[in-house]
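The values are calculated or read from the model by the stated rules, or taken from the named source; none is laboratory data. Because the structure is predicted, anything quoted here is derived from the model rather than measured. Note: ideal-geometry Cβ built from the backbone for every residue, glycine included; neighbour counts use all protein chains shown.
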Amino acid sequence: MSNTQQMVKELVEKHGRERTNLMAILQGVVDQQNHLDDQAIIEIAREMDLSAAQVYGTASFYTFLDIKPRGEYVIRLCRTITCDMKGKREILHTLENLLKVNIGETTPDNKFTLLETNCLGWCHKGPAMLINNKAYTELTPEKVKEIITEIKHKS
Ligand code: FES
């Protein structure tokens with residue numbers, strides 16, 4: 001039995017198999033491994049006799065349950081057409097090279113997560129990205145290097 005199977009089994013036994021306990025079980029998984037992954041969702045579905053889609057639906061409805069582990073700084077680069085035409089690809093390559101991660105991944109030190117997003121409303125100043133809640137616009141590879149270096153030196 002895998003660790004995930006064992007953990008889910010214990011949580012289901014502790015809280016009970018009724019659907020009303022699903023939230024407590026999901027929260028238990030997040031407490032233990034900091035996030036929910038597909039394997040945990042499938043195991044919960046199996047143990048509770050639900051479909052994976054039902055479990056996933058509940059999990060993603062409650063946004064405080066992070067489906068994926070996220071870094072301290074979540075970078076969301078706009079992938080929509082105006083930013084794309086203004087050089088988003090080059091910005092993406094710069095970020096990937098600097099952080100050594102691909103889209104959707106988190107750096108091993110859990111500092112940065114790199115994501116793409118739809119239009120941020122800064123099209124006239126694209127390419128644009130958000131880092132946590134702060135917008136950065138008119139990006140160039142040099143500007144991106146400065147921003148990332150500054151954040152790295154913060155802590
Ligand atoms: S297209 Fe990128 S901010 Fe609008």
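For Thr80, state whether it is over 17 Å from Thr149 (Cβ atoms), among the hydroxyl-bearing types (Ser, Thr, Tyr), modelled with pLDDT under 95 and under 15 Å from the mean Cα position of the chain (by Cα).
No.
Being surrounded by 13 or more Cβ atoms within 10 Å (Cβ to Cβ) and part of a loop (DSSP other than H, G, I, E, B) is the filter here; which residues of segment 110-124 pass it? I'd like the intermediate steps shown before the answer.
Going through segment 110-124, the residues surrounded by 13 or more Cβ atoms within 10 Å (Cβ to Cβ) turn out to be 110-117, 119-120, 122-123.
Across segment 110-124, the qualifying residues are Asn110, Lys111, Cys119, Leu120, Trp122.
In segment 110-125, what count of residues is obtained for those that are of a type outside the set (Lys, Arg) and near the ligand (Cβ under 10 Å from one of its atoms)?
Adding up the residues that qualify gives 8.
So how many residues does segment 1-31 have that are at pLDDT below 90 and of a type in the set (Ser, Thr, Tyr)?
2
Criterion first (more than 30 Å from Val12 (Cβ to Cβ), surrounded by 14 or more Cβ atoms within 10 Å (Cβ to Cβ) and more than 16 Å from the ligand (Cβ to nearest atom)) does Glu72 satisfy it?
yes
Could you check segment 87-105 and list, in sequence order, the residues that are part of a helix (DSSP H, G or I), away from the ligand (no atom under 16 Å from the Cβ) and surrounded by 14 or more Cβ atoms within 10 Å (Cβ to Cβ)?
Thr94, Glu96, Leu98, Leu99
Name the single residue that is farthest from the ligand (Cβ to nearest atom) among those in segment 126-155 being modelled with pLDDT of 95 or more and basic (Lys, Arg).
Once the filter is applied, the top-ranked residue is Lys145.
For segment 19-58: of the residues being among the acidic types (Asp, Glu) and free of Cβ contacts under 8 Å to residues at least 24 places away in the same chain, which is surrounded by the fewest Cβ atoms within 10 Å (Cβ to Cβ)?
The extreme case among them is Asp31.
One residue is enough: does segment 73-81 have a residue meeting the conditions in a helix (DSSP H, G or I), among the β-branched types (Val, Ile, Thr), out of contact with any strand residue (DSSP E or B) (no Cβ under 6 Å at 6 or more places or on another chain) and over 20 Å from Leu115 (Cβ atoms)? Quick ask: steps written out before the conclusion?
Kept after step one, since they are in a helix (DSSP H, G or I), are these residues of segment 73-81: 81.
Then drop every residue that is not among the β-branched types (Val, Ile, Thr), which leaves 81.
Pick out the ones that are also out of contact with any strand residue (DSSP E or B) (no Cβ under 6 Å at 6 or more places or on another chain) and you get 81.
Still in the running and over 20 Å from Leu115 (Cβ atoms): none.
Looking through segment 73-81, none of the residues is in a helix (DSSP H, G or I), among the β-branched types (Val, Ile, Thr), out of contact with any strand residue (DSSP E or B) (no Cβ under 6 Å at 6 or more places or on another chain) and over 20 Å from Leu115 (Cβ atoms).
Name the single residue, out of those in segment 125-139 being over 18 Å from the mean Cα position of the chain (by Cα) and in contact (Cβ under 8 Å) with a residue 40 or more places away in the chain, that is surrounded by the most Cβ atoms within 10 Å (Cβ to Cβ).
If we take residues in segment 125-139 being over 18 Å from the mean Cα position of the chain (by Cα) and in contact (Cβ under 8 Å) with a residue 40 or more places away in the chain, then Pro127 is surrounded by the most Cβ atoms within 10 Å (Cβ to Cβ).
Taking only segment 114-155 into account, find how many residues are hydroxyl-bearing (Ser, Thr, Tyr) and in contact with a helix residue (DSSP H, G or I) (Cβ under 9 Å, 6 or more places away or on another chain).
Residues in segment 114-155 being hydroxyl-bearing (Ser, Thr, Tyr) and in contact with a helix residue (DSSP H, G or I) (Cβ under 9 Å, 6 or more places away or on another chain): 4 in total.
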